[in-house]
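No lab work stands behind these numbers, since they all come straight from the coordinates. These figures come from a predicted structure and were not determined experimentally. Cβ: placed from backbone, ideal geometry, glycine included. Neighbour counts: every protein chain shown.
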Amino acid sequence: MIKKLLLLVIVILVASCNKSRILVDVHEVDFINKSEITLKGTPVNAELPIGMRDLAMFDSYLIVLSGGTDAQMSVYSDDWNLLGRFCYIGRAKNEFVSSPYMISKQSLRGDNGHTLIPLIQGRSGIKVLDLEQSIESKRTVISTETDYKAYKETELKEENGTVKFSVGFSFVFLDDRLDHTFESYRPIFMNDRLFFEPGYAVMHDTVQIKYQKFLSDFYANDVDQIHGVLYKHPKRNLVIDVFPYIDYIMFNDLDKDRTFAIHQQGSLSFDDPLERAKYEVVSNDGENVRVVNTTIPHFAAAVCLESYFMVLYYGGEYSTNVPDINKAAPELLFFDWDGNFQKSVKLDTRIGSMAYDEKNKVLYGLDIDNDRIISFDLSEL
């Protein structure tokens with residue numbers, strides 16, 4: 001009888017484990033405070049749009065998204081000659097009802113060999129820009145439209161009625177196809193109750209779900225702090241999830257059905273509460289001072305190449321030993337696709353987005369505070 005009870009307990013435990021969060025292999029690495037040199041940036045001398053908010057590089061084309069004009073996209077050659085302005089605000093088929101955003105700086109390759117840039121416009125779906133055709137015809141050419149919806153859409157009951165949620169998510173396209181995606185989604189909280197755990201979904205003919213283990217000391221207002229941004233290998237179905245407030249990068253190799261993570265040894269782990277930094281905020285009258293808790297930023301934007309990727313990092317001493325962490329300059333970290341740390345350098349300018357010209361070995365960073373683009377020479381690296 002005891003053996004039967006023990007067997008039953010084991011079966012229950014195994015079944016419960018199968019329904020629990022999937023834990024992944026975590027490789028401890030040491031990348032913090034390794035930068036020995038500082039790269040000096042140089043402002044780009046070009047006719048740039050007002051209100052720049054993102055940039056990327058596809059082949060030899062530099063793409064700049066802005067919000068200061070009707071034309072939301074400016075396209076340049078690799079020597080910063082303006083090739084055209086596209087993606088105007090409007091309701092025509094080749095226009096956008098709201099400011100479009102690139103999807104994890106990803107482009108697809110059309111049957112005609114053209115560069116296709118998927119652009120999402122809020123909840124209105126995706127429009128795919130044919131880059132070469134747009135440049136040639138001097139107008140915005142949309143090759144495809146799709147009504148993309150995130151996997152996690154749900155309705156939750158409240159005392160005052162039903163509320164429909166579309167969970168904040170990040171996604172990338174797999175196999176160069178619009179109908180095959182990999183996405184991560186945030187958890188849902190309502191009235192301090194967790195309705196959905198954060199996880200990953202592979203969208204194709206069927207939906208495959210993997211749940212993500214999250215911080216033990218986890219609150220509703222911390223949702224954005226553990227939810228990262230996805231970036232994909234240029235050719236393989238290998239996706240990284242870069243966390244903004246913890247020293248983790250998740251690797252999802254869809255071709256090999258393998259998930260693993262790298263973590264800075266000795267730093268904040270998933271089993272620890274989020275770190276908080278304190279800084280003083282002075283009101284306009286110069287008298288009222290209040291102390292505000294903020295979460296220390298870590299990883300930021302990434303650029304993916306075939307043999308390695310680079311990512312901005314704000315969690316080291318170089319960035320945190322400043323009076324205001326919101327004005328800190330980052331380090332630039334290099335990793336291979338097995339998660340091995342390669343090298344790092346300091347940048348002398350705070351940048352929020354970046355693009356890389358692999359042919360000329362130049363990194364471009366968007367200095368959002370001063371609405372300019374800064375170039376960094378990486379040829380010596």
Quick one: 3J(HN,Hα) in Hz for region 42-47, Karplus 6.51/-1.76/1.60 with θ = phi - 60°, rounded, Gly and Pro as x.
10, x, 6, 9, 8, 7
Of the listed links K327/K361; K149/K256; K34/K149; K93/K210; K34/K361; K210/K359, those spanning more than 31 angstrom between alpha carbons are K34/K149; K93/K210; K210/K359
By counting other Cβ atoms within 10 Å of each Cβ, how are I188, I262 ranked from fewest to most?
I188, I262
Report, by chain and number, residues whose modeled amide H sits under 5 Å from the one on R372, excluding near sequence neighbours (fewer than 5 apart, same chain).
D367
